[in-house]
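K.L.:
First, the structure itself, so that you have it in front of you.
The values are calculated or read from the model by the stated rules, or taken from the named source; none is laboratory data. None of the values given here were measured: they were computed from a predicted structure. Note that each Cβ is placed from the backbone with ideal geometry, even for glycine, and that neighbours are counted across all protein chains shown. For the accessible areas, the whole protein counts, side chains as well, though only heavy atoms, and no ligand, DNA or RNA atoms are used. Shrake-Rupley method; radii C 1.70, N 1.55, O 1.52, S 1.80 Å.
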Amino acid sequence: MGGNRKTNNQPAMRKGNDLVFTEKEKANELIKQYAKEGNIKSNDPIRERRIKREWKNEISKSCSQCDNRRTEDCSMFTRQEYDEATKRLNLGKATGKDQISNEMILNLPEIGKEQLLKIINNTWTKQNIPNQWKCAEIIPILKQGKNIEDPASYRPISLTSCVCKLAERMVLNRLNWYIEKNNIIRAEQAGFRSWRSTEDQIVRIGQSVLDGFNTKGEKAKSKRTLMVLFDFSKAFDKVWKDGLIWKLLKNNIPTCTVRWIREYLSGRSSTVKLGNESSKMKGFKNGVPQGGVLSPKLFTIFVNDIIDNLGEAFSLMIWPSGYRTTPPKNVRTEFKMPSMPSKNGLANGECN
C-alpha cells in the first residue's frame, strides 16, 4: 500500500534517522528537543563553580533589605496588592495542570480571596512553592514555513498555573518598583519596561545616524554609523540559572525576593501534550519559564550587564521581539507594609 503511514491524520516525525508515528512517540521526541534547547555548554567551569558558591553563601545570610524581619519590601503582600494583580488577569486563557482558571480566581467569594492571599503569602515567607505551580504543559505549534517532520520546527506554548501567575505578578510589581526606584536597569534597555518600547530604540538609531551625517571626520567627510544586529535564539531557554541568581544578588535585589525567585526557578518540569497523549515529565536545568509572568523581567536583569565590556565608541540598544509590554493602569509609588500574620500551612502537591 502506497503513501506515508499517519496516525490521526498527523504526519510522521523524525527521530534521528528513523520516523515515529504515534502521538505518544512524537510527544516524547518533542520534550527531548525542548530539554536539549536549554542545555548550556560550559566555557569556564571553574568560574561557574565559583559563582555558584558565592550566591549560595550570600543567600544564606540575613536579608540585605529587612535583616529577615520581613519589613518594607519584604513584608507580606497586602489585600490591595492582591486586588491590583487580579485586575490584570486575562480572561479566556488556558489553565495549567491544576485546572484553575482566571475566571475561577476572579469569582472567588471574599473568604476564598483571603485564603488564596494567605497561600501566596505562605510561599513568600517560607520560600516553598507547590510543585504543581512549577509544572508546565507544553502545546507544540508548527512554525511558519518549517519542516513538519523536524521536532525543532515546533514552538513550545507553555500552559502554567494561573494561581502561580497571580503570585508572580504580585512579586513582579514589587520587583519593578524596586528596580526602577534604584535605577538598576540601564537606559539602553527598552525591553519589558513600562513606558518604554521598540519605538524608543528606533528613534535612537535614527538620531545616531543623523548625528554621524552632521559630524565631520577626517578630510571633512561625514562619519559613518555601523549597525550590527544580534538575535538571541531560544533566549529564555538559555538563561543560566546560577548566573541569574548571582546577578540578582549583585544588583542588591532584596534577599527575600531572590530566595522566592530561586525557589520558583528550581525543580521545574514540563510535559508535551499532543492530541490525547502526553509525554513523560522532564526537568529543565536552565532557562526561565516560557509564558511566565516573571520571565521577561528576569531575562532583562540577566542581560543588563552585556554592555560592560564594550568600548566608548559603541552604543548598545536592547529591545524584545515576540513580546508586547504595556504600562500598568496604576503606577506603584508607595508600599504600605502590614504586620506579619500568623503562620498558615500549605500542602505541597505533586505534579502528575
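K.L.:
Show the residue pairs that are 6+ apart or on different chains and have beta-carbon atoms under 8 Å apart, the first residue being within segment 134-146 and closer than 12 Å to PRO289 by Cβ, the second being at pLDDT 95 or above and of a type in the set (Phe, Trp, Tyr).
P.N.:
LYS134/TYR264
K.L.:
Now for a separate question. Does VAL258 satisfy the criteria of being open to solvent by less than 30 Å² (accessible area, probe 1.4 Å), aliphatic (A, V, I, L, M) and either out of contact with any Cys (no Cβ under 7 Å at 6 or more places or on another chain) or modelled with pLDDT under 90 (or both)?
P.N.:
In short, yes.
K.L.:
A follow-up question, please. Which residues, taken from segment 41-59, are open to solvent by less than 70 Å² (accessible area, probe 1.4 Å) and within 24 Å of the chain's Cα centre (by Cα)?
P.N.:
SER42, GLU48, ILE51, GLU54, TRP55, ILE59
K.L.:
So, one more: When segment 62-91 is examined, which residues are found to be open to solvent by 70 Å² or more (accessible area, probe 1.4 Å), on the phi > 0 side of the Ramachandran plot and assigned to a loop (DSSP other than H, G, I, E, B)?
P.N.:
The first filter runs over segment 62-91 and keeps only residues open to solvent by 70 Å² or more (accessible area, probe 1.4 Å), leaving 64, 67-69, 72, 80, 87-88, 90-91.
Imposing the further condition that a residue be on the phi > 0 side of the Ramachandran plot reduces the set to 67-68, 72.
ASP67, ASN68, listed by residue number.
K.L.:
Same structure, new question: GLN189 is checked against (1) crowded, with 16+ Cβ neighbours inside 10 Å; (2) under 29 Å from THR71 (Cα atoms) and fails just one. What number does that condition carry?
P.N.:
Going through (1) crowded, with 16+ Cβ neighbours inside 10 Å; (2) under 29 Å from THR71 (Cα atoms) one by one, GLN189 breaks only (2).
K.L.:
A follow-up question, please. Among what's in segment 96-124 and is within 24 Å of the chain's Cα centre (by Cα) and of a type in the set (Gly, Ala, Ser), pick the residue that is farthest from GLY291 (Cα to Cα).
P.N.:
SER101
K.L.:
Can you go through PHE213, PHE232 and tell me which one is modelled with pLDDT under 95 and in a helix (DSSP H, G or I)?
P.N.:
The unique qualifying residue is PHE213.
K.L.:
Shifting gears a bit: Spot the failing condition for LYS113; the list is (1) charged (D, E, K, R); (2) in a helix (DSSP H, G or I); (3) under 30 Å from VAL303 (Cβ atoms), and only one is missed.
P.N.:
For LYS113, the exception is condition (3).
K.L.:
I need a count of the residues in segment 132-157 that are of a type in the set (S, T, N, Q) and under 14 Å from GLN99 (Cα atoms). Let's see the steps before the verdict.
P.N.:
Kept after step one, since they are of a type in the set (S, T, N, Q), are these residues of segment 132-157: 132, 144, 147, 153.
Remaining after also requiring under 14 Å from GLN99 (Cα atoms): 132.
Final tally of qualifying residues: 1.
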